[in-house]
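Worksheet for the structure shown next.
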Amino acid sequence: MIDQLVGGTAVTAFIVIGTVGLAIVLITLLVGEVVDGIFGAFDADAGGGIFSAPVIGSFLAAFGYGAALIMFTTGVGATAGALGGLGSGAVVGGFALLMMRSLMNMPTDETVTTRGLEGVRAVVITPIPESGYGEVTIRHHGEQRKYNAQAREYLPVGEQVEVTAVLSASAVIVARPSADDANAAGHPSSDPAPDPTSDPGATSDPTTTSTPEPRSDPPADSTSED
């Protein structure tokens, strides 16, 4: 009778431990930053290490439910059940630790920043007044992003501009590109480029270019001799 009472109490205790561990895992999935902050307050490794919330929760869940299952199915005592629960907890907790470390060390794309925006072309999407802010779109690092923009002159919508300075993470200073930059980017200036095949000394008089050279032999006599 006493053995049954002790065994039933131990199974219940192990089930409670497993439930607590499972709750920690579920709460971590929903509000992971809060749980990691609690563990961080106790100087525990909350960055995917052995004392992170997912690893501890997985270990407790596997330990509690594993020990209770071993005692219920085999009829062994609390000590044997606890040893079996430690084994299952170590396996599941170790797997959770490997998963956390692999996620933490996973390579990610470079974070898009405002570094290197100077000289990048942009398009005005909201008019920019002389004293105030408008909006431009900039394609940077393969992403189309919108920035608040300031300029020394009024710039209408659709104007092609160039970033001259970065004010903050969301604001830039823009200006119309110079003529040399516009030509280099495939936007020729208003003055047409001279034709390299034309003769600088040629005139527009059609008689100058259309007059044939005189023949050196005299024209043939059209009258026949008798």
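The values are calculated or read from the model by the stated rules, or taken from the named source; none is laboratory data. These numbers come from a predicted model, not from an experiment. Note: ideal-geometry Cβ built from the backbone for every residue, glycine included; neighbour counts use all protein chains shown.
Do the conditions hold for E110, that is, is it at pLDDT 80 or above, exposed (fewer than 10 other Cβ atoms within 10 Å of the Cβ) and of a type outside the set (F, W, Y)? Answer is no for this residue.
Every test in (1) modelled with pLDDT of 90 or more; (2) in contact with a Leu (Cβ under 6 Å, 6 or more places away or on another chain) is passed by V55 save one, and that test is (1). For region 155-172, the set of residues classified as of a type in the set (V, I, T) and closer than 18 Å to G119 by Cβ consists of V161, V163, T164, V166, V172, listed by residue number. Among the candidates T203, T207, the residue that is touching a Ser or Thr at 6+ places or on another chain (Cβ under 9 Å), modelled with pLDDT under 85, of a type outside the set (D, E) and not in a strand (DSSP E or B) is uniquely T203. Would it be correct to say that T126 is polar (S, T, N, Q), surrounded by fewer than 21 Cβ atoms within 10 Å (Cβ to Cβ) and in contact with a Gly (Cβ under 7 Å, 6 or more places away or on another chain)? Judged against the criteria, T126 is a match.
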